[in-house]
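A short worksheet on the structure shown next.
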Amino acid sequence: VIFINLTYLWTMITEILLPFFRSQDDKKKSFKFIYFCIFLISIPCFSDGQQQQDPLRLNGGSILAMSGENCVALAVDMRLGNGPQMVHTIPRTVLAPNSRVMVGFTGLEGDVQSFCSQLSVAMEDKIGRFGFFAGDETYDVDNEQHRFNISPKSTSRLISHLLYGRRNSRPFYVEPITVGLEAVINVESNDDNENAEFPNDKESTRQYKPFLCSHDIIGAKSTSDSFVCSGAASKSLYGTAEALWRPGLQPEELAQVCGKAFLSALERDCLSGYGAVVYLVIGGVGITQYDLACRND
């Protein structure tokens with residue numbers, strides 16, 4: 001493309017500039033000079049796809065996350081490419097520290113793998129420190145010890161810390177999305193329950209509040225109560241998600257709405273698609289995976 005532009009530029013110079021200096025007609029000279037200026041301004045438009053030169057869009061891929069009633073959904077596509085060239089079909093990298101937290105990644109695949117490994121090591125190193133974890137304590141049967149589950153908010157803070165630490169050197173060209181469920185304990189009194197064995201006792205019920213957070217390459221966070229997205233098809237995802245999402249979605253409804261919005265956006269982007277996977281995180285149940293089929297052209 002550069003060789004073609006240089007050849008065309010030399011042709012324009014020989015055909016326009018030389019007659020320009022030889023011509024005696026001021027009107028013709030003005031028109032030729034204007035045409036030549038327009039050509040110089042339009043040279044960047046002839047360069048090959050600006051989207052291919054963006055490291056965040058080079059390998060394609062998209063992610064969409066939605067919130068529901070005591071549940072969240074995370075949808076990822078399966079296309080791994082080199083610009084418009086198809087390389088492989090595999091689900092995007094997703095990290096699940098526990099059954100209530102998931103982290104999806106888009107961006108340059110090499111940086112995605114490196115950052116995912118660094119994040120996993122940082123989680124294992126920092127979980128359990130005072131002031132860091134904000135999750136539940138569980139018992140590890142294999143190692144016979146108690147472990148602390150990291151919360152979604154703590155995960156997003158750690159991601160921001162790691163990404164911001166690379167701002168002055170070579171940054172990670174990744175855009176992570178953190179989704180999860182924050183446990184909320186509601187305490188209710190049994191005074192109104194006549195059949196209760198101890199009327200003055202209090203009952204505690206656990207509910208879960210969805211947490212959605214997206215990050216840029218230097219760790220800036222953007223939280224939402226409805227949906228977040230990133231990747232090559234993010235512009236289309238914002239439109240389809242805004243049209244289909246509604247508050248109070250139940251788990252099954254959330255999986256259907258998230259999958260429908262995600263597939264609708266993938267059909268409008270050539271750098272995403274080739275299958276999709278929806279992860280449904282339900283409070284007190286765990287993570288359920290749904291495989292979706294979509295266009296492969």
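The values are calculated or read from the model by the stated rules, or taken from the named source; none is laboratory data. The structure displayed is predicted, hence computed values, not measured ones. Please note: Cβ atoms are built from the backbone with ideal geometry, for glycine as well, and neighbour counts cover all protein chains shown. Each accessible area value is taken on the protein alone, full model and side chains, heavy atoms only, with ligands, DNA and RNA left out. Shrake-Rupley method; radii C 1.70, N 1.55, O 1.52, S 1.80 Å.
Structural remarks
- The residues in the stretch 69-97 that are within 20 Å of Ala255 (Cβ to Cβ), outside any loop (DSSP other than H, G, I, E, B) and open to solvent by 10 Å² or more (accessible area, probe 1.4 Å) can be counted, and the count is 2.
- Within the stretch 271-281, the presence of at least one residue that is closer than 17 Å to Asp225 by Cα and under 21 Å from the mean Cα position of the chain (by Cα) is confirmed.
- Subset of the stretch 155-164 (residues that are out of contact with any helix residue (DSSP H, G or I) (no Cβ under 7 Å at 6 or more places or on another chain) and either open to solvent by less than 10 Å² (accessible area, probe 1.4 Å) or in contact (Cβ under 8 Å) with a residue 40 or more places away in the chain (or both)): Thr155, Ser156, Ser160, His161, Leu163, Tyr164
- Scanning the stretch 125-147 for any residue that is at pLDDT 90 or above, aromatic (Phe, Trp, Tyr) and surrounded by 13 or more Cβ atoms within 10 Å (Cβ to Cβ) turns up nothing.
Let's see how each residue does on (1) within 22 Å of Pro210 (Cβ to Cβ); (2) touching a residue at least 40 places away in the same chain (Cβ under 8 Å); (3) in contact with a helix residue (DSSP H, G or I) (Cβ under 7 Å, 6 or more places away or on another chain):
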residue: Val72; (1), (2), (3): yes, yes, no
residue: Val76; (1), (2), (3): yes, yes, no
residue: Val87; (1), (2), (3): no, no, no
residue: Ala96; (1), (2), (3): yes, yes, no
residue: Val103; (1), (2), (3): yes, yes, yes
residue: Glu109; (1), (2), (3): no, yes, no
residue: Gln118; (1), (2), (3): no, yes, yes
residue: Ala122; (1), (2), (3): no, yes, yes
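- Enumeration of residues in the stretch 165-182 that are of a type outside the set (A, V, I, L, M, F, W, C) and either assigned to a loop (DSSP other than H, G, I, E, B) or free of Cβ contacts under 8 Å to residues at least 60 places away in the same chain (or both): Gly165, Arg166, Arg167, Asn168, Ser169, Arg170, Pro171, Tyr173, Glu175, Pro176, Glu182
- Meets criteria (open to solvent by 40 Å² or more (accessible area, probe 1.4 Å), at positive phi and in contact with a strand residue (DSSP E or B) (Cβ under 7 Å, 6 or more places away or on another chain)) for Tyr290: no
- Selection of the stretch 239-255 for residues being small (Gly, Ala, Ser) and open to solvent by 30 Å² or more (accessible area, probe 1.4 Å) yields Gly239, Ala243, Gly248.
- Residue within the stretch 218-238 that is in a helix (DSSP H, G or I), among the β-branched types (Val, Ile, Thr), in contact (Cβ under 8 Å) with a residue 24 or more places away in the chain and open to solvent by 10 Å² or more (accessible area, probe 1.4 Å) present: no
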